[in-house]
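K.L.:
For reference, the structure I am asking about is given below.
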Amino acid sequence: MADYVVGDIQGCYRGLTRLLEYVKFDPSHDTLIAVGDLIGRGPHALETLQYLYSLQDSFSTVLGNHDLHFLAVYSGIRKNKANDKYDKLLASSDVDKYVHWLRHQPLALTLDENTLVCHAGLYPQWSIAQAQALSDEVSANLQTDNWQSVLKKMYGDEPNRWDENLSGSKRWRFIINAFTRMRYMLDSHTLEFTCKDSPEKTPTRFRPWFSVKNTNLKPNDKVLFGHWATLAGNTNTDKFIALDTGYIWQQQLTLWKRQNGEKYSVAYQD
Ligand SMILES: [Mn+2]
């Protein structure tokens, strides 16, 4: 019995298969949890969703920016671009099934009261419980018949600071941006979206979200996240566990085993 949390798969089905074989993942005993960006830019979006869907209760995930973007492309809210590699998935007779499934996945997943999984990270003013409640607010809307209204309003960088009094589409947009696009903060609470580089190559006025003191976190709290390939898995703390190691950029695909806190990776293969 093991629980594995895997980094950004992005349609790299073969890499996923090799990594799961490497750790001897067995869906009849083990569970797989993904940090989102299941698809997007990688070659096998359809095969990836077919496999993950087939795992049924042995699999859970949060949504990443590419997953939400796929839902927007499917909905005609954004154009389908060749480098997203969604064509075969969009043409599949099962696409409606996968869309329905994806929009019922959360932005944040609490594995236990001290462990949160989300795509980009935990906004430094939120506790794990508050983050889960805010994720649930967006999910409630994504699960209604009016779900596409969320996607229509999600694009944009503003507001870039959390305010509990935000409402409607501004509130959803901030919650979605914090959970799926965040990397740097301009100060302790302002999201900055232009910079994607590693902290070593970035002016120090840009602070990684995980370097901003979060007074709402408890000593044993942990956050598992992906999205930020240039970190190459390094946050210098075991409180914030970075799992996007850039497989889509021909680096590595990584997962974390909950029972021992170890990471396992496979290198890119064409
Ligand atoms: Mn991402």
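K.L.:
Of the chymotrypsin sites (Phe, Trp or Tyr not before Pro) in the range 108-187, which ones lie in a loop per DSSP and count no more than 15 other C-beta atoms within 10 Å?
P.N.:
Counting only loop positions with at most 15 other Cβ atoms within 10 Å, the chymotrypsin sites (Phe, Trp or Tyr not before Pro) in the range 108-187 are 155.
K.L.:
Work out which helices of the chain, taken as complete DSSP H runs, extend at least 20 Å along their axis over the Cα atoms and score a mean Kyte-Doolittle of 0.0 or more, then list them. Don't skip to the answer; put the middle values down first.
P.N.:
On the way: long enough: 128-142 (21 Å, 0.29).
What comes out of the filter, once short or polar helices are dropped, is 128-142.
K.L.:
Normalising by the residue count of the range 3-267, find the relative contact order in percent from Cα pairs under 8 Å and 6+ residues apart.
P.N.:
22
K.L.:
Something else: DSSP loop trypsin sites (Lys or Arg not before Pro) in the range 3-43 with at most 10 other Cβ atoms within 10 Å of their Cβ, which ones?
P.N.:
24
K.L.:
Could you compute the net charge surrounding residue 110? Neighbours are other residues with a C-beta less than 14 Å from the C-beta of residue 110; K and R count +1, D and E count -1.
P.N.:
Counting the neighbours of residue 110, the net charge comes to -2.
K.L.:
Right, here's the next one. Give me the Debye-computed log₁₀ of I(q)/I(0) at q = 0.15, 0.19, 0.30 Å⁻¹ for the range 105-165, equal point scatterers on Cα only, no solvent, two decimals.
P.N.:
With one equal scatterer per Cα and no solvent, log10 I(q)/I(0) is -0.52, -0.82, -1.32.
K.L.:
Near residue 85, which lysines are there with a Cα under 20 Å away, not counting those fewer than 8 places off in the same chain?
P.N.:
97
K.L.:
Another question, then. In whole Å, what are the extents of the range 55-114 along the principal axes defined by its C-alpha atoms, from largest to smallest?
P.N.:
40, 21, 17
K.L.:
Where does the longest stretch of the chain lie that holds no GluC sites (Glu not before Pro) found in a DSSP loop with 15 or fewer other Cβ atoms within 10 Å?
P.N.:
Longest gap between qualifying sites, sites excluded: 1-112.
K.L.:
Mind giving me the nanometre distance, one decimal, between the label points for residue 237 and residue 127, set 7 Å out from Cα along Cα→Cβ?
P.N.:
1.8
K.L.:
Equivalent-ellipsoid semi-axes (√(5λ), Cα gyration tensor) for the chain, whole Å, largest first? Don't skip to the answer; put the middle values down first.
P.N.:
On the way: eigenvalues 129, 107, 65 Å².
Ellipsoid semi-axes (Å, largest first): 25, 23, 18.
Every number in this text was worked out from the coordinates using simple rules, so none of it is lab data. From a predicted model like this one, the values you see are computed outputs, not experimental measurements. Positions of Cβ are generated from backbone atoms using ideal geometry, with glycine treated the same way; all protein chains shown enter the neighbour counts.
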